[in-house]
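Shown next, in structure tokens, is the structure this report addresses.
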Amino acid sequence: MRSMTGYGEASGENARQRITVSLRSVNHRFLDLQLRTGEELRGSEAALRDLIGRGISRGRVEARVEVRPVAERRASVLVNMGVIREAHGAVHQLVEAGLIDRGLSAGDLMRLPEAFRVDLESADWQPEDEELLLGVTREAVAQLVASREREGGSLVAAMDEKLRGVEDAVARLDALRGPVREEMAAALHRRLAELLAGQPLDEARIAQEVALLVDRSDVSEEIDRLRSHGEHFRAVTREGNAAGKRLDFLTQEIFRELNTLGAKCRNAEMTRAVLDAKVLCEQIREQVQNVE
């Protein structure tokens, strides 16, 4: 099982380019891929999205691709003589007027907007560059997946610990069913005795009323379903496929069963057990939100 949080980075170079790809992912309901590339890679974006999407199914993934030339690129400097002449003339007038004491220096000229332009030799994107890009991206995706799997292992251990707590609470509820039934019968006897003020009680009718109360407050079905959901939850965490949405659904089902069970409780100890289980279930649900 994988988390949706992870990081992967890979680099490579050929005779022309050095390429570094870094991938960072966090939680998201679907796959949200954000590419950060230069203009030279616009034509490669579709291939990059397809490659990353085959390795990652959910999460917000930020992909940064940095391309640097291995060899120095030839540069040419273009001088805008019109701008320089106009600037020189304006400064000369200021000198003659006594407003400044010197003309333009080389440093002043370099700071003039539009006076100089440096052009680097364009490096055409070649098939070998594309092959390098995809290979480096494939390695970065593998590292990201490995990172998410390590984090996923930690999530499984944490959720399993919480699930054991829920199962312990369910076992407490199961053990309390018998004593609670006897307690309900005794409470009904006491209440009727108080109301009838010493008159004889119809034991058959009392047994019938007790049976009705027990039936309305019986939690055996909820306990059986909670145990089944717990087994299913563990089975899903052992699968290698994306399991986040299935685990989220199972967590909702567990919480729903606990709500139903809590509404039937007629005993303070059972109510406490239900509350303990609901707290643990909510903690599991928070962790499930980070599962791919």
- Go through segment 216-243 residue by residue and tally those that are at pLDDT below 90, farther than 18 Å from Thr271 by Cα and open to solvent by 80 Å² or more (accessible area, probe 1.4 Å). 2
- Message: Can you find a residue that is polar (S, T, N, Q), open to solvent by 50 Å² or more (accessible area, probe 1.4 Å), at pLDDT 90 or above and over 17 Å from Asp168 (Cβ atoms) anywhere in segment 244-263?
- Response: yes
- Query: Any idea which residue in segment 264-288 is nearest to Ser25 (Cα to Cα), counting only those that are at pLDDT below 90 and either crowded, with 21+ Cβ neighbours inside 10 Å or not small (Gly, Ala, Ser) (or both)?
  - Reply: Thr271
- Message: Cβ-Cβ under 8 Å, sequence separation 6+ or interchain: first residue in segment 137-162 and farther than 14 Å from Gly8 by Cβ, partner surrounded by 14 or more Cβ atoms within 10 Å (Cβ to Cβ) and small (Gly, Ala, Ser). Which pairs?
- Response: Gly152/Ser3; Ser154/Ser3; Leu155/Ser3
- Query: Any residue at all in segment 95-116 that is at pLDDT below 90, assigned to a helix (DSSP H, G or I), over 30 Å from Leu23 (Cβ atoms) and in contact with a Gly (Cβ under 9 Å, 6 or more places away or on another chain)?
  - Reply: yes
- Note on the structure: Filtering segment 61-77 down to residues that are open to solvent by 60 Å² or more (accessible area, probe 1.4 Å) and at pLDDT 85 or above yields Arg64, Glu66, Arg68
- Note on the structure: A careful count of residues in segment 1-54 that are more than 28 Å from Glu286 (Cα to Cα) and among the β-branched types (Val, Ile, Thr) gives 4
- Query: With respect to Glu86, is the statement that it is assigned to a helix (DSSP H, G or I), of a type in the set (D, E, K, R) and modelled with pLDDT under 90 true?
  - Reply: yes
- Looking across segment 121-169 at residues that are among the hydrophobic types (A, V, I, L, M, F, W, C) and modelled with pLDDT under 90, the single one that is least open to solvent (accessible area, probe 1.4 Å) is Ala123
- Just a yes or no: is a residue in segment 57-80 without any contact (Cβ under 8 Å) to a residue 40 or more places away in the chain and in a loop (DSSP other than H, G, I, E, B)? yes
- Which of the residues spanning segment 83-129 are in contact with a helix residue (DSSP H, G or I) (Cβ under 6 Å, 6 or more places away or on another chain) and of a type outside the set (A, V, I, L, M)? Gly103, Glu114, Trp125
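The values are calculated or read from the model by the stated rules, or taken from the named source; none is laboratory data. What you see is a predicted model, and the numbers here were worked out from it, not measured in a lab. When we count neighbours, we look across all protein chains shown, and the Cβ atoms used for this are built from the backbone with ideal geometry, even at glycine. Accessible surface areas use protein heavy atoms only, side chains included; no ligands, DNA or RNA. Shrake-Rupley method; radii C 1.70, N 1.55, O 1.52, S 1.80 Å.
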